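Quick one: the structure is below, questions incoming.
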Amino acid sequence: GKRVKGVQIFRPFVYGTTARPFDEKTNPKPPGVPDDHTHSWTVFVKGIDDVDITYWLRRVQFKLHESIPNHVRMIEGEKGKPFQIHETGWGEFEIAIKLYYVPESAEKPQTLYHHLRLHPYGRTEEEKESMRLNGGQVISWAYEEQIFNEPYEPFYEILTSG
Ligand code: SLL
């Protein structure tokens, strides 16, 4: 196939974690969750304002801490839905997030790293106050732009026909 010369396509997305401490009133611990687990948390990759990104991103592999059962998880894209995992636990760790692109792109998978944050250390008083107002949510999100450099023609059509 032929590449579209001199063209770069940018697609924004967000990835990161949202964590909440268990609390009898605001975030009760579901039955079966181990005693030492202190938080529920989510790790995700999604479009800005939940816009669909599955036309360029096909699946995402999340590699969690080895202490977590079944710690390597593959999430297949579902149109308009975030790629995400909900878990519970007690500790912070680095998550490897491997992005697999649609086959038309002929792009190799790419890995991002993200630190799961459960605790508000290092936040300003203002940030902590807004966390309290949001049920103690600890948000750690990153904005990223995926660059497709000189995409193949069929993939260029896919990227630009949305
Ligand atoms: C630490 N570096 O040693 C960290 C590792 C691991 C967190 C934290 C287990 C959850 C489960 C969990 O939260 N592990 O058992 O499903 O502090």
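Right, residue 13: within 15 Å of the ligand (Cβ to nearest atom) and either closer than 19 Å to residue 94 by Cβ or at pLDDT 95 or above (or both) or not?
Here the answer is no, as residue 13 does not meet what is asked.
Every residue in segment 92-110 that is surrounded by 13 or more Cβ atoms within 10 Å (Cβ to Cβ) and more than 17 Å from the chain's Cα centre (by Cα), please.
Matches in segment 92-110: 102, 104, 105, 106, 107.
With the structure loaded, tell me whether residue 108 is basic (Lys, Arg), farther than 30 Å from residue 31 by Cα, free of Cβ contacts under 8 Å to residues at least 24 places away in the same chain and out of contact with any Ser or Thr (no Cβ under 9 Å at 6 or more places or on another chain) or whether it fails that test.
Yes.
Do you know which residues across segment 81-101 are away from the ligand (no atom under 16 Å from the Cβ) and closer than 19 Å to residue 141 by Cβ?
81, 82, 83, 84, 97, 98, 99, listed by residue number.
Report whether or not residue 89 is among the small types (Gly, Ala, Ser) and either at pLDDT below 95 or surrounded by fewer than 11 Cβ atoms within 10 Å (Cβ to Cβ) (or both).
Criteria not met by residue 89.
Can you name the strands (runs of 3 or more DSSP E) wholly within segment 1-82 that have at least 2 residues being free of Cβ contacts under 8 Å to residues at least 24 places away in the same chain?
Fully inside segment 1-82 and qualifying: 72-76.
Does segment 71-126 hold any residues that are among the aromatic types (Phe, Trp, Tyr) and farther than 23 Å from residue 48 by Cα, and which are they?
Matches in segment 71-126: 90, 93, 121.
The values are calculated or read from the model by the stated rules, or taken from the named source; none is laboratory data. Predicted model only: the values in this text are computed from it and were never measured. Here Cβ is always computed from backbone atoms with ideal geometry, including for glycine, and neighbour counts include all displayed protein chains.
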